[in-house]
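The values are calculated or read from the model by the stated rules, or taken from the named source; none is laboratory data. Values in this document were obtained by computation on a predicted structure and should not be read as measured data. Cβ: placed from backbone, ideal geometry, glycine included. Neighbour counts: every protein chain shown. When the accessible area is computed, the model is the full protein with side chains, heavy atoms only, and any ligands, DNA or RNA have been set aside. Shrake-Rupley method; radii C 1.70, N 1.55, O 1.52, S 1.80 Å.
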Amino acid sequence: MTYFFETYGCQMNTAESAALDLVCRERGWEKAPDGESADLVLLNTCSVRGTAEQRALGRLALYASLKKKRNAAGRPLVLVAAGCMAQRLGGSLMERFSVDHVMGTRSRSLFPRILEAAERGARGEAAAPLDPGEEPVFSFSSSHLEEGSFRSFIPIMHGCNNFCSYCIVPYVRGPEISRSPRDIINETNLVAEKGVREITLLGQNVNSYRWKGGDGFSSVDFPGLLRIIAGELDPRRRSPIRWVRFLSANPGDFSPETTRIMAENGIFCRHIHLPVQHGSNRILKAMNRRYTREQYLSLVSGIRRDMPGMTFSTDILVGFPGETGDDLEETLDLMNEVRFLYAYMYHYNPREGTAACNLPGRVAEDVKRERLSRVIALQKKHTSCLLESRIGFRERVLVEGISRKNADELISRTERDEMAAAPGKASLIGTFAELTLSGLAGNTFRARDLVSVE
Ligand code: SF4
């Protein structure tokens, strides 16, 4: 039996697709080269923006017509809709797109039964579709490692309780569930045995991680978890994992204790993705972000004081209902104060069911686009200035692979999440090395003297 996945959206979806991929492989299924030839196609969908849903619905329509042709030719195609849009639209996808199984964000543990039903169907045995309303107890998968990769996401929690007024995530992923530290350690050691060198602790809001006790642990918060991970990966224990990142952090919940643990342990990369969303206190309040621009700036300067050289990336949302030109100026001003290495920038689009969806003061589309282009232009300036200032530095990197642009060059990543291309032997891929940043091509460094440090 063969399978084919299409994964949309955030790193959480990427991690979950890797876990489902492992379930298929453990059952002896093989990856098909494309959806047209597969026995089962799964779309892991995203709902964060209307455009993301439109794209997934377009793909489902395409597979629905392929399914009709395949059924007529006696080669059935099993179609599965998973992820946030599947959670939001549920059984309606079965009527509209002949989807066989709808697997919401909390029912991934049903997947083996979906594969079993497909196997029975292939043997000509009857197999009832799963009830789209069925919602088993949520459970984390044991591994989220993509086959052959040396970097792995490790989900530490699921869901979000923050209810930022523009965000659909709490409605489609549900309340926060923190994963047992035991499970997180087990997965960390499991992927280490498979040659992983860098892990990213994953959650919609990792700073609100809270294990209430059990599994050999009393209550553990996020700094506590970082301390446990740092202990587990202590260099004296010779784990191959040398770099730890986390995603996504939330400024409103980022504690001084987290900064202290990071500063004490070099294993935590000197780069943080810290979504600010906006620079105006009035808009931050309307977004229900639960921090002010002053608190955000003080957090950043505190982290930089304790970890000099720390770089930041962020998310910026413009065009929120009620936003004025002055509000946008405050965002540009905040960007000038922090100077982010890079940012994900987008303009507001209403999501049905969120608190902001019916707020008055909608900003006109052309005004939203104009404001977004100003934010992008400023960020571009900061990114190239910050990268330019790094030329000449000798840097430790994780060698990721062969450059797509030049087969004689290897692409590497610094702990600050910068990319560099340098001549080197493929045997260095998946290992730590050092190089000298010698120039810039776009946002990728030209580099030389790539030498292994292992
Ligand atoms: S923290 Fe806010 S923006 Fe992030 S997932 Fe939760 S509700 Fe959405």
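According to a simple spin-label model (label point 7 Å from Cα along Cα-to-Cβ), what is the distance in nm between TYR344 and ASN358?
Each label point is offset 7 Å from its Cα along the Cβ direction, giving 2.9 nm.
Given 37 °C and 0.692 mPa s, compute D for region 168-241 with the Stokes-Einstein relation, Rh being the Kirkwood radius over Cα pairs; round to the nearest whole µm²/s. Don't skip to the answer; put the middle values down first.
Details: Rh = 13.4 Å.
After rounding, the answer is 244 µm²/s.
Relative to the compact globular guide of 2.2 N^0.38 Å, what is the alpha carbon radius of gyration of region 302-454, as a ratio?
On the way: Rg = 19.6 Å, N = 153, 2.2 N^0.38 = 14.9 Å.
Dividing the Cα Rg of region 302-454 by 2.2 N^0.38 Å gives 1.32.
Which whole-number value in Å² is the accessible area per residue of the chain, probe 1.4 Å?
43 Å²
Beyond 23 Å, what share of the Cα-Cα pairs of region 151-388 remains, rounded to the nearest whole percent?
Tail of P(r) above 23 Å: 53 percent of Cα pairs.
Please state, rounded to one decimal and in Å, the Kirkwood hydrodynamic radius that region 2-122 gives when every pair of distinct Cα atoms enters the mean of 1/r.
14.2 Å
Could you calculate, for the chain, the ratio of the Cα radius of gyration to the Kirkwood radius, expressed as Rg to Rh? Before the final figure, lay out each step's value.
Numbers: Rg = 23.0 Å, Rh = 23.7 Å.
Dividing the radius of gyration by the Kirkwood radius yields 0.97.
Check each of the GluC sites (Glu not before Pro) in region 302-359 and keep only those in coil by DSSP with at most 15 other C-beta atoms within 10 angstrom; list them in order.
On the way: sites: GLU323, GLU329, GLU330, GLU337, GLU352; in loops: GLU323, GLU352.
Taking region 302-359 and a limit of 15 other Cβ atoms within 10 Å, the loop GluC sites (Glu not before Pro) found are GLU352.
I'd like the carbon and sulfur percentage of the solvent accessible area for region 2-122, probe radius 1.4 Å, heavy atoms only, ligands and nucleic acids excluded.
Within region 2-122, the accessible surface is 52 percent carbon and sulfur.
Can you give me the Rg/Rh ratio for region 394-452, using Cα atoms for both radii and the Kirkwood formula for Rh?
0.90
Tell me which of PHE246, VAL453, ALA377 sits at the most positive position along the dipole axis of the chain, charges placed on C-beta atoms (Lys, Arg +1; Asp, Glu -1).
Most positive-ward Cα: ALA377.
Over region 394-452, what percent of the accessible surface lies on carbon and sulfur atoms, probe 1.4 Å?
46 percent
From the phi angles alone, apply the Karplus equation (6.51, -1.76, 1.60; θ = phi - 60°) to region 361-372 and give each ³J(HN,Hα) in whole Hz, x where the residue is Gly or Pro.
Values, residue by residue: x, 4, 8, 4, 3, 5, 5, 4, 5, 5, 5, 4 Hz.
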